[in-house]
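The values are calculated or read from the model by the stated rules, or taken from the named source; none is laboratory data. Keep in mind the model is a prediction, meaning the values are calculated, not measured. Using ideal geometry, Cβ is built from the backbone for each residue, glycine included, and neighbour counts are taken over all protein chains shown. Ligands, DNA and RNA are stripped out before the accessible areas are found, and what is left, the full protein with its side chains, is counted by its heavy atoms. Shrake-Rupley method; radii C 1.70, N 1.55, O 1.52, S 1.80 Å.
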Amino acid sequence: MTNKEFAEFLLPDVEHDWEYYENLYPERDLPEGAIVTRYAPSPTGLPHMGNLLSGFMAYCFAKQSNGVYFLRIEDTDTERTVENGVSKILDIMKDFDITFDEGMINDTDEVGSYGPYMQSKRKDIYQAYARKLIEEDKAYPSFASKEELDEIREFQESTKQRLGYYGRYAKDRHMTKEEAISRINNGEKFVIRMKSPGDFNKSIIINDLIKGKIEMPENDIDEVIIKKDGLPTYHFAHAIDDHLMKTTHVIRGDEWVSSTAKHLQIFDVLGFKHVKYAHLAPLLKNDNGTKRKLSKRKDPETGLVYYIEQGIPVEAVKLYLATIINSNFEAWLDANPGSDISDFKFDFKKVGSSGGAIYDMEKLTNISKNYLSRLKATEVYDRVLNWANSYDKDFASLISKYKDYTISILNIEREQKKPRKDFAKYSDVSNSIWYMYDELFDNKELSYDFKNITDKEEIKNILSTYIDKYYDEADDKETWFNKIKSLCDLLGYASDMKAYKANPDNFKGNVADVSTVIRVALTTSSMTPDLYELLKLIGKERIIKRFNRFN
Ligand code: GLU
């Protein structure tokens, strides 16, 4: 039997040969330096922050080089594949506004000329290339059972040798075609392994775009390329897909670094041009002074749905990720406030190479506050309403009912050089301005803390004197403030802070104490936006109603 016949016997259901596939996909017509890269998740669950980081990074590099970013679904582990896995991945990427030029667009459909983009639909392709290797005597069927492999491993462990199916352990490499055929005819299952041409005593150098030169021994393990179910392993599929899809750069988690010698060997044996690799270390968390990997189980911020539910703007998350990808991004953003990430040129050389970045929610919170503080009030309103429609329906109906009023509240101290930074997420808004709505304020048990002034009669006196003698809806800000000062003078509080500091005993308190009383009586909070603006928005009738709580 010829090798060709043997290959056909082993893999009988192949429609096209490998040359057909080589010719099917043309070179991409792209500008010089364009990066073609991909997001290649397994549809086994929801993507997490580490996936978003590498996915977003790949997206940025493809976009800035006028390249291509595609979505390939790696669903060869059929047991772990979840229902609607693709649309779940697409939905969350869409939430983060990360889009693909090609690839799957839902659980079944795709766009692009380099597909299928779902590995389970590429069985014919992988088998065509496996046939090629068998024909060239570079691959063979292997029958080693789980028990035999366990035995090899136990022996290797007990004699302190490297683990794996290599050298003298790779017995099936030497099996005759006749024996293989008769075992298959007897119903035995088999995998296809590639004959490794590697020598463990020699080393190869991988030029990783992030980690730099990595030296490691050549691979000498006869790796499985086609599993018993006829589907490829990740290693084999990676080489074939990225070759046929004309990928230039593979940006992936650094758990794959140790397999890279194996991957490049598969590329070589198949006669493929190498891709460039950028291996990204996992995100870390500072846990009481010790660094550990960000954990899906322990850290809610690892899941991406968390950001959507909390209403953390996805733009802020991406700005934060950009600071992780390139450490000079932050300085650039400070120098160009309000710029778009797409205006920044990312550089592989500026990705931290000394281990994983610390994922710091506090930093993200600050970025988010800055981001939200620069939006127009109407924009904040739209976003909060959109979020609240899903996650806080009562607040959504309240702010829909009082749309213009709410926008005015959100507009206080906004469009100015140093805008207020009250909100890091949409869910902060109701917690911070609830008191502006009578529905949440009137007839409610509320607790007030007037800070320095504790005497009830004195509080009552300040409020009634203010409303009776000094409050006028028509006052401009300066007049209003002068009247607050007059109120202080009348009641024995220092209207001038310097005078107060020089002789505190001469006064009952100062202008800050008096305005705190007014502020707290109106809102229960001593930390609010500008009091003058609040008074204007609440208006006389409602001010009196709120002050009357202290009568
Ligand atoms: N499916 C692989 C994973 O989820 C993809 C790695 C790659 O990008 O090649 O880890």
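Key figures for this structure:
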| item | result |
| --- | --- |
| Share antiparallel - DSSP beta bridges, the chain, percent rounded to 5 | 60 |
| Hull-based mean projected area of segment 112-246, where the convex hull spans the alpha carbons, in square nanometres | 10.5 |
| Chain lengthening between ASP268 and SER295 when straightened (0.36 nm per residue, less Cα-Cα) | 6.1 nm |
| Peptide ranges 336-344, 364-372 listed from the most packed, as the mean C-beta count within 10 angstrom indicates | 364-372, 336-344 |
| Estimated inter-spin distance, LEU446 and LYS177, nm [label 7 Å along Cα→Cβ] | 9.0 |
| Alpha-carbon centroids, segment 295-346 and segment 484-534: separation in whole Å | 41 |
| Relative contact order (percent, whole number), the chain, Cα cutoff 8 Å, 6+ residue spacing | 11 |
| Sites GLU15 and LEU149, calculated FRET efficiency, Cβ-Cβ separation with R0 30 Å, nearest 0.05 | 0.40 |
| Excluding exposed DSSP-loop GluC sites (Glu not before Pro) (at most 12 other C-beta within 10 Å), longest clean stretch of the chain | 189-414 |
| Dipole of the chain, positive end: most advanced residue of LEU53, SER113, TYR129 [Cβ charges, Cα centre] | LEU53 |
| Nearest-10 value in Å² for the accessible area of CYS488, using the 1.4 Å probe | 0 |
| Most positive-pole-ward Cα, MET527, THR323, LEU280, against dipole of the chain from beta carbon charges | MET527 |
| When segment 202-359 is reduced to its Cα atoms, the Kirkwood hydrodynamic radius in Å | 18.3 |
| Accessible surface of the chain, 1.4 Å probe, proportion on carbon and sulfur as whole % | 47 |
| Relative compactness, segment 207-258, computed as alpha-carbon Rg over 2.2 N^0.38 Å | 1.32 |
| Subset of LYS451/LYS508; LYS211/LYS246; LYS401/LYS421 violating a 18 Å alpha-carbon distance limit | LYS211/LYS246; LYS401/LYS421 |
| Over the chain, volume per residue of the alpha carbon convex hull, in Å³ | 213 |
| Convex hull projection area averaged over all views, segment 323-409, Cα basis, nm² | 7.5 |
| Order by protection proxy (mean Cβ within 10 Å, highest first), peptides 480-486, 262-268 | 262-268, 480-486 |
| Segment 170-245 - convex hull of alpha carbons, volume per residue in Å³ | 118 |
| Pairwise label distance in nanometres, ASP91 with ASP287, each label 7 Å out on the Cα-Cβ vector | 3.0 |
| Radius, Kirkwood style, for segment 471-551 when every pair of distinct Cα atoms is counted (Å) | 13.4 |
| Net dipole in debye of segment 386-477 [+1 Lys, Arg Cβ; -1 Asp, Glu Cβ; about Cα centre; nearest 20] | 540 |
| Additional length obtainable on full extension of the chain from LYS483 to MET527, 0.36 nm per residue less Cα span | 13.7 nm |
| Two-decimal ratio, segment 397-527, of alpha-carbon radius of gyration to 2.2 N^0.38 Å | 1.20 |
| Projected area averaged over orientations for segment 1-128, convex hull of C-alpha atoms, nm² | 9.5 |
| Sorted largest first, extent of segment 273-336 alpha carbons per principal axis (Å) | 39, 35, 28 |
| Order of exposure, largest accessible area first, which applies to ASP242, ASP107 with probe 1.4 Å | ASP107, ASP242 |
| Per-residue [θ]222 nm for the chain (sum of -39500 (n - 2.57) over DSSP H runs n ≥ 4, rounded to 500) | -13000 deg cm²/dmol |
| Residue-level accessible surface for LYS291, protein heavy atoms, 1.4 Å, Å² | 140 |
| Debye intensity ratio in log₁₀ form over the Cα atoms of segment 60-109, taken at each q of 0.13 Å⁻¹ | -0.35 |
| Size descriptor, Kirkwood hydrodynamic radius, that averages inverse alpha-carbon separations across segment 83-133, Å | 12.3 |
